[in-house]
1. Hey, does the range 344-351 have a residue that's buried (at least 21 other Cβ atoms within 10 Å of the Cβ), touching a His at 6+ places or on another chain (Cβ under 8 Å) and not in a loop (DSSP other than H, G, I, E, B)?
2. May I ask you to list the residues in the range 248-293 that are within 20 Å of PRO149 (Cα to Cα), open to solvent by 60 Å² or more (accessible area, probe 1.4 Å) and free of Cβ contacts under 8 Å to residues at least 60 places away in the same chain?
3. List the pairs whose first member sits in the range 348-359 and is under 23 Å from PHE328 (Cβ atoms), whose second member is open to solvent by 40 Å² or more (accessible area, probe 1.4 Å), and whose Cβ atoms are under 6 Å apart, counting only residues at least 6 apart or on separate chains?
4. Does the range 350-368 include one or more residues that are polar (S, T, N, Q) and closer than 22 Å to THR81 by Cβ?
5. Counting only residues that are farther than 14 Å from ASP327 by Cβ and either within 17 Å of the chain's Cα centre (by Cα) or among the aliphatic types (A, V, I, L, M) (or both), how many does the range 278-287 have?
6. What number of residues in the range 49-102 are open to solvent by less than 50 Å² (accessible area, probe 1.4 Å) and acidic (Asp, Glu)?
7. Residues ARG296, ARG258, ARG269: which one is of a type in the set (Lys, Arg), closer than 15 Å to VAL170 by Cα, under 25 Å from the mean Cα position of the chain (by Cα) and at pLDDT 95 or above?
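The values are calculated or read from the model by the stated rules, or taken from the named source; none is laboratory data. The shown structure was predicted, so the numbers you read here are calculated from the model rather than taken from an experiment. Glycine also receives a Cβ, built like all others from the backbone with ideal geometry; neighbour counts cover every protein chain displayed. The accessibility values were calculated without ligands, DNA or RNA, using every heavy atom of the protein model including side chains. Shrake-Rupley method; radii C 1.70, N 1.55, O 1.52, S 1.80 Å.
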Amino acid sequence: MERRDFLKLASMAGLGVVAAGSLSRDAAAAGPYTGPLWVHLHASGGWDPTSLCDPKGAMSVEEQGRREAMNRSYLNADIGTAGNLKFAPVGGNAEFFEKHYSRLLVLNGIDTATNSHDAGVRNTWSGTLREGKPGFAALVAGVHGGELPMGFISNGGYDTTANLVAVTRVPDTGLLQRLAYPNVIDPSNEKRENYHTDATMKRILEARQARHGVKLEQQRLPHVKQAMSTLFTSRVGQNELKQLIQFLPEEFERESLRRQAQVALAAYRAGICVSANLTIGGFDTHGNHDDNHIPRLGQICDGVDFLLTAAEEQGIADRIVIVVGSDFGRTPGYNEGNGKDHWNITSMMLVGAGIPGNRVIGATDDRHNPLEVDPVTLEPREGGVRITPGHVHKALRKLASIADDPLVQRFPLSEEEDLPLFG
């Protein structure tokens, strides 16, 4: 493989992508990461919690045919329960909640304060409506793995980093072996033939290293030198990719969320990943809401179940945290096209290390308006606090033990109170 072809493949896979500004840690001193894996699962387009974890059915069979019905797909009388959790009795919800309720924390009645997709995504995953702020996945990767080759993997969603960490995107898992073994003509062939001899490859790498050293000496700005070093590491980091390859499955799953999860888990087990964004689209259902939306919610449940099951099988179930959310929610009732429009009230679901399970915090009324909660007991109380994404992110930062890190303190969430969401 010629050098330009290799770099083209690296660019396609995102493995050569690096922020132009200063990074959070020295890229030359990476060690294997052993902390928790933080997974964000983004339902792109604005999901409908009333068809999942904050159920609101039609009050009667007669109401099901009317536009003002909260949901036409089920009645309030049929709402399911699993432990302390309630769920809409549609799709695969019952199987999912009955299997995982003891580990699930549901946050209902979260006010994103917007109906805009861009602002909603930003607020859900960074805790603020302000532009340019890093998401939690970037913050935690910047603190614990800014120097790692795949410290922050993103398959979409909110991946603004504020130059704290490089973003790795892997849209095509079939490229990974070719990137890991650039001197091998066909890595999938058992009889691997090389383009060059080992001696020649050694000389090539030595020449590249020497050229990189000369370029560094010519550069006087420290942040540019650091960016150059990180980019060079990402381009020649075949050893890290070989570490990743050994943990990848022999065959990838067909479902997109499952494939994304397989790469994230493999990178984590290789010690080169701190956080990962997984994403699934199709939730902006302004038309034919029930037919289009509910199956996509089922895919989210399947993706989370796959992640938890795979983590259990791989012996890392106690070292993974999953946060599921979306841009915002969907309107109470239907529009003329049997769809639902944008609604600023939403929910989030969390599961994993340090997350109290079998618990629901926050609530909404029968038209999906948020109820305020007591800031101490978290029980619904008039005159209390309306839960926002900022509250969730303050709690996440404390859970990850990064709230006091100087890097994180550059991006305060001071307008929100501290709520004991995770105990």
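1. Restricting attention to the range 344-351, the residues satisfying the condition of being buried (at least 21 other Cβ atoms within 10 Å of the Cβ) are 345-351.
From the residues that got through so far, the ones that are touching a His at 6+ places or on another chain (Cβ under 8 Å) too are 345, 351.
Among the residues that remain, those that are also not in a loop (DSSP other than H, G, I, E, B) are: 345, 351.
Yes, because at least one residue in the range 344-351 is buried (at least 21 other Cβ atoms within 10 Å of the Cβ), touching a His at 6+ places or on another chain (Cβ under 8 Å) and not in a loop (DSSP other than H, G, I, E, B).
2. Hit for the range 248-293 is ARG269, nothing else.
3. VAL351/ARG103
4. Restricting attention to the range 350-368, the residues satisfying the condition of being polar (S, T, N, Q) are 358, 364.
Next cut, closer than 22 Å to THR81 by Cβ only: 358, 364.
So far as the range 350-368 goes, yes, one or more of its residues are polar (S, T, N, Q) and closer than 22 Å to THR81 by Cβ.
5. Filtering the range 278-287 down to residues farther than 14 Å from ASP327 by Cβ leaves 278, 287.
Adding the requirement that they be either within 17 Å of the chain's Cα centre (by Cα) or among the aliphatic types (A, V, I, L, M) (or both) leaves 278.
Residues that pass the stated criteria total 1.
6. Adding up the residues that qualify gives 2.
7. Details: ARG296 fails: closer than 15 Å to VAL170 by Cα; ARG269 fails: closer than 15 Å to VAL170 by Cα.
Matching residue, one of ARG296, ARG258, ARG269: ARG258.
Every residue, every condition in (1) more than 20 Å from GLY329 (Cα to Cα); (2) hydroxyl-bearing (Ser, Thr, Tyr); (3) in contact with a Pro (Cβ under 8 Å, 6 or more places away or on another chain), yes or no:
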position: SER60; (1), (2), (3): yes, yes, no
position: MET70; (1), (2), (3): no, no, yes
position: LYS86; (1), (2), (3): no, no, yes
position: GLY127; (1), (2), (3): no, no, yes
position: LEU139; (1), (2), (3): yes, no, no
